[in-house]
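Remarks on the structure that follows.
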Amino acid sequence: MYLIQLLNHSNEVVSGIVQQEQIFELNADTYTLVKYAIEHQVDIIQYAQTLTTGRVHQYHDLLSSNRLALPIHHTDPAHLIVTGTGLTHRNSVLARASMQENTTLTEAQKIYLMGANGGRPALADIGAVPEWFFKGFGSQLKASGQTLDLPAHIQGGGEEAELAIIYMIDSEQQVHRIGTALGNEFSDHVLEKQNHYYLAQSKLSPCSLGPEIYIGDIPEKVVGKIEILRNQECLWRSEYNTGLQHMVHSLENIEHHVFKHDIFRTPGDVHVLFLGADRLSFQDDIVLQAEDVISISGDLFQHPLINRIQLQTHEIKYEVKSCETVM
């Protein structure tokens with residue numbers, strides 16, 4: 001099953017079941033639906049089917065009228081956490097190596113090899129620690145069709161086409177895996193290339209999720225396409241491959257090393273985890289500009305994730321006021 005969120009006739013965000021090009025509107029949003037299913041130990045798919053309102057929408061109508069929302073949200077964005085793991089994808093070390101000019105074994109390559117050698121332990125064992133980064137809170141996430149508004153301090157950003165896994169934490173701090181969405185884990189690759197210790201800052205950029213959550217097992221294989229459009233013409237295009245079979249770490253090992261930290265098991269929170277990129281336009285010296293359009297599709301999903309880039313042009317130095325100044 002695929003779930004999306006849309007703006008209904010009352011301009012409220014509600015969930016919808018995707019069946020080919022038809023969307024069957026539900027009377028609850030995705031967060032409320034999933035939370036109820038977890039609390040009452042009922043199947044999400046079966047419960048969702050009991051919530052239909054009788055209203056049916058055409059997918060293309062929602063797209064053309066900009067009535068698609070993020071596939072899941074939290075009413076308090078501070079309780080939706082966005083993180084990711086790096087160097088977990090079999091091709092990720094190639095992209096990272098292009099940003100580091102060392103001829104000897106780089107730190108990125110060392111971490112990658114730790115994962116390749118110890119990232120898939122037996123289920124009862126704990127494997128190698130993957131690289132991890134913080135993206136932000138729910139306010140960082142944009143829906144398909146929305147603009148990625150990049151602050152002026154970003155030196156040169158680029159797309160990262162990935163799978164994003166969606167989780168919810170129940171009242172007992174148990175983490176529940178909900179499903180999978182397309183993701184664009186946008187990063188400042190120019191800053192990162194200056195020095196790999198800038199990785200943490202390079203990740204604090206707006207990012208986006210595709211319109212659909214696939215409710216089901218996390219896919220072993222997804223084949224997709226990335227397109228960068230500039231002035232309505234294709235500037236760059238590439239295929240990418242992702243899914244669990246393309247990871248050097250098992251999903252269980254990644255999840256352990258994220259959710260072993262109890263700060264990520266706050267009851268009621270939603271967690272979006274980006275799983276790593278296979279191919280970057282930055283590897284081919286593409287630096288995105290204002291008005292460029294990023295389109296990311298995947299064969300598991302019906303519709304692509306599309307965002308236009310906007311750049312703030314003038315960075316203003318931020319001033320922190322002391323308590324004495326305020327008073």
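Taken together, the values in this text are just the output of simple stated rules run on the coordinates, not laboratory data. The structure displayed is predicted, hence computed values, not measured ones. As a convention, Cβ positions derive from the backbone with ideal geometry for all residues, glycine included, and neighbour counts pool all protein chains shown.
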Pulled fully out, how much extra length does the chain show between THR104 and ASP76, if you take 0.36 nm times their separation in residues and subtract their Cα-Cα distance? 5.5 nm
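Can you work out D for region 266-327 in µm² s⁻¹ from Stokes-Einstein, where Rh is the Kirkwood radius over C-alpha pairs, the temperature is 20 °C and the viscosity is 1.002 mPa s?
On the way: Rh = 16.8 Å.
So the translational diffusion coefficient is about 127 µm²/s.
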Ranking of LYS225, LYS142 by count of other Cβ atoms within 10 Å, fewest first: LYS225, LYS142
How big is the charge dipole of region 1-144 about its Cα centre, in debye rounded to the nearest 20, if each Lys and Arg gets +1 on its Cβ and each Asp and Glu gets -1 on its Cβ? 320
With an 8 Å Cα cut-off and a minimum separation of 6 or more residues, compute the relative contact order for region 237-327 in percent. 18
Calculate, in nm to one decimal, what ILE45 and ASP217 gain on full extension: separation in residues at 0.36 nm each, minus their alpha carbon distance. 60.6 nm
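Relative contact order for the chain using alpha-carbon pairs under 8 Å, separation at least 6, rounded to a whole percent?
Relative contact order for the chain comes out at 22 percent.
If I stretch the segment between ALA290 and ASN117 completely, what's the gain in nm (0.36 nm per residue apart, minus their alpha carbon distance), one decimal? Mind dumping the intermediate values first?
Working: separation 173, 0.36 × 173 = 62.28 nm, distance 4.12 nm.
Length difference between fully extended and current span is 58.2 nm.
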Rg over Rh of region 164-263, using C-alpha atoms and the Kirkwood radius, what does it come to? 1.01
Could you check the simple spin-label distance between GLN194 and THR266, using points 7 Å along Cα→Cβ, in nm with one decimal? 3.1
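About the Cα centre of the chain, what is the dipole size in debye to 20, counting +1 per Lys and Arg Cβ and -1 per Asp and Glu Cβ, all else neutral?
Numbers: 22 positive and 40 negative charges, 45 e Å.
That gives the chain a dipole magnitude of about 220 debye.
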Testing the spin-label approximation: label points 7 Å from Cα along Cα→Cβ at MET1 and GLU324. State their distance in nm. 6.1
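So which of LYS203/LYS321; LYS110/LYS321; LYS35/LYS110; LYS225/LYS317 end up more than 32 Å apart by C-alpha? Please list the in-between numbers first.
Details: LYS203/LYS321 27 Å; LYS110/LYS321 42 Å; LYS35/LYS110 40 Å; LYS225/LYS317 38 Å.
Cα-Cα > 32 Å for LYS110/LYS321; LYS35/LYS110; LYS225/LYS317; rest within.
Using DSSP to define loop residues, name the trypsin sites (Lys or Arg not before Pro) in region 227-269 whose beta-carbon has at most 15 other beta-carbon atoms within 10 Å. Provide the component values of the computation, followed by the final result.
Working: sites: ARG230, ARG237, LYS260, ARG265; in loops: LYS260, ARG265.
Hits after loop and neighbour filter: LYS260.
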What's the Kirkwood radius of the chain in Å, using all Cα pairs? 20.5
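Can you give the charge dipole size of region 213-253 about its Cα centre, rounded to the nearest 20 debye, using +1 on the beta carbon of Lys and Arg and -1 on the beta carbon of Asp and Glu? Show your work: numbers first, answer last.
Working: 4 positive and 6 negative charges, 40 e Å.
It works out to roughly 200 debye.
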Separation between Cα centres of region 163-203 and region 19-71, rounded to whole Å: 25
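Provide the net charge surrounding TRP236, with neighbours chosen by a C-beta distance below 13 Å and charges set as Lys +1, Arg +1, Asp -1, Glu -1. Numbers along the way, then the final one.
Values: positive: LYS225, ARG230, ARG237, ARG279; negative: GLU159, GLU227, GLU233, GLU239, ASP284, ASP285, ASP292.
Spelling it out: positives minus negatives among the neighbours equals -3.
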What does region 1-115 give for Rg and for Dmax, in Å, if only its C-alpha atoms count? 20.5, 62
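Computed over the Cα atoms of region 197-327, what is the ratio Rg over Rh, Rh following Kirkwood?
Values: Rg = 19.0 Å, Rh = 18.2 Å.
Reported Rg/Rh, Kirkwood definition of Rh: 1.04.
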In region 228-327, the chymotrypsin sites (Phe, Trp or Tyr not before Pro) that sit in a DSSP loop and have at most 14 other Cβ atoms within 10 Å of their own Cβ are TYR318
